[in-house]
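Here's the structure we're looking at; comments come further down.
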Amino acid sequence: MSATPQFEEGTTLDRYLIQTMRSSPGATGNFIDLIQSIALAGKLISSRVNRAGLLGMFGGTGETNVQGEFVQKLDVYANTTFLRALEHRGHTCMIVSEENEGPVQVGSEWHSGRYVVTVDPLDGSSNIDVNATIGTIFGIFRRKSEEGSAADLGDVLRSGRDLVAAGYLIYGSGTVMVLAMDNGVHGFTLDPQVGEFFLSHPNIRVPDGCPIFSVNEANASRWQPGVTEFVRRVKEPVRKSSGRYIGSLVADFHRNLLKGGVFLYPGDTRNARGKLRLLYEAFPLAFVAEKAGGYATDGRVAILDKVAETLHDRTPLVIGGKAIVEEATSLMSADPKLT
Ligand code: P6P
């Protein structure tokens with residue numbers, strides 16, 4: 001794919017995709033259609049999130065999901081919306097969602113779809129009722145299995161390096177879609193009055209330095225020595241770093257992507273693999289981070305070098321500016337392995 005052409009003010013997501021993909025050999029339009037389907041799901045979820053309090057969409061369903069987490073009403077809506085947006089366009093053959101225990105095979109008449117999508121339909125949903133920023137995270141693989149046949153687990157239990165695109169939608173003061181592909185990372189802001197995403201953050205690059213560190217210090221008593229030492233160092237006055245923790249991965253990541261800094265959710269003596277999921281949280285955001293000049297590790301190895309062994313694998317996560325992530329990783333990799 002060619003280097004990012006310059007885009008004029010008011011470029012829509014559709015125009016960006018067409019201009020970018022025009023230079024891609026063998027482009028069939030399937031990928032553009034897939035991103036447009038994700039954008040549609042984002043518009044629908046954004047509208048519902050913004051009116052949740054008026055529509056009785058606060059609170060839980062009384063169910064727990066495969067993660068053992070209480071399912072919020074908006075979790076169900078977001079998951080259903082995302083699955084429906086992807087299922088009937090012929091571009092997707094399988095979807096792996098945080099909210100579904102197994103993979104969702106796209107309907108039999110559409111097995112020809114060439115893409116596999118991993119998704120956290122609504123990340124941070126425990127923040128919904130307090131109107132804090134939440135988001136949708138997605139990753140896109142090209143299937144390995146024969147087009148026209150049923151997809152299989154080999155299409156998704158694979159290395160993060162196989163991702164062809166990834167991104168997220170953040171539902172905050174505005175709704176922004178951040179999309180990472182070979183040619184870089186770009187942000188598109190939704191104008192709800194016209195229902196269109198417009199290019200607002202071209203060529204996002206993670207700033208150097210560490211103006212912000214983001215970690216839940218309530219877990220400090222369970223941290224390994226390397227994490228404790230890193231957080232001590234980053235809090236030294238000379239570093240001029242501020243602590244910010246929203247408790248919504250998409251919001252904490254997006255702020256650090258734009259302003260610089262590091263987010264950590266390490267493994268600890270209670271959860272050796274931490275809390276966050278590899279396939280539909282860490283992989284996609286690590287792809288975005290690396291395409292923006294940043295980095296992401298599990299405290300030892302690059303997130304994208306890992307191979308997913310189960311659909312809901314958890315992983316420790318250190319993500320943000322390259323130098324600060326490398327500094328944290330150099331300390332954490334000396335820790336004894338947690339079992
Ligand atoms: P804690 C939200 O529930 C989430 O999955 C991520 O969005 C967020 O980064 C993390 O959990 C917060 O977890 O344990 O700090 O509340």
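Residues being open to solvent by 10 Å² or more (accessible area, probe 1.4 Å) and either of a type in the set (A, V, I, L, M, F, W, C) or modelled with pLDDT of 95 or more (or both): count how many of those fall in region 145-162. I'd like the intermediate steps shown before the answer.
Looking only at region 145-162, we keep the residues that are open to solvent by 10 Å² or more (accessible area, probe 1.4 Å), and these are 145-150, 152-154, 157-159, 161-162.
This time we only want the ones that are either of a type in the set (A, V, I, L, M, F, W, C) or modelled with pLDDT of 95 or more (or both), so: 150, 153-154, 157-159, 161-162.
Counting residues in region 145-162 that are open to solvent by 10 Å² or more (accessible area, probe 1.4 Å) and either of a type in the set (A, V, I, L, M, F, W, C) or modelled with pLDDT of 95 or more (or both) gives 8.
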What residue, among those in region 199-237 that are touching a Ser or Thr at 6+ places or on another chain (Cβ under 6 Å) and in a strand (DSSP E or B), is nearest to PRO266 (Cα to Cα)? PHE213
Can you say whether ARG114 is touching a helix residue (DSSP H, G or I) at 6+ places or on another chain (Cβ under 7 Å), at negative phi, open to solvent by 10 Å² or more (accessible area, probe 1.4 Å) and more than 16 Å from the ligand (Cβ to nearest atom), as far as the supplied structure shows? yes
Restricting to region 129-144, and then to whatever is open to solvent by 10 Å² or more (accessible area, probe 1.4 Å) and within 16 Å of the ligand (Cβ to nearest atom), can you tell me which residue is nearest to SER24 (Cα to Cα)? THR133
So in region 116-132, with the set limited to residues that are hydroxyl-bearing (Ser, Thr, Tyr) and modelled with pLDDT under 95, which one is farthest from the chain's Cα centre (by Cα)? SER126
Given (1) open to solvent by 30 Å² or more (accessible area, probe 1.4 Å); (2) of a type outside the set (D, E, K, R); (3) touching a His at 6+ places or on another chain (Cβ under 9 Å); (4) closer than 24 Å to LEU276 by Cβ, where does SER242 come up short, assuming only one miss? (3)
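Among the candidates LEU276, LEU317, single out the residue that is within 22 Å of ASN100 (Cα to Cα) and aliphatic (A, V, I, L, M).
Working: LEU317 fails: within 22 Å of ASN100 (Cα to Cα).
When all the criteria are applied, what remains is LEU276.
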Which listed residue, of VAL176, VAL194, is over 26 Å from ASP298 (Cβ atoms) and assigned to a strand (DSSP E or B): VAL176
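The values are calculated or read from the model by the stated rules, or taken from the named source; none is laboratory data. This one's a predicted model, so the numbers in the text were calculated from it and none came from an experiment. Because the Cβ atoms are built from the backbone with ideal geometry, glycine has one as well, and the counts that use them run over all protein chains shown. Calculation scope for accessible area: heavy atoms of the full protein, side chains included, ligands and nucleic acids excluded. Shrake-Rupley method; radii C 1.70, N 1.55, O 1.52, S 1.80 Å.
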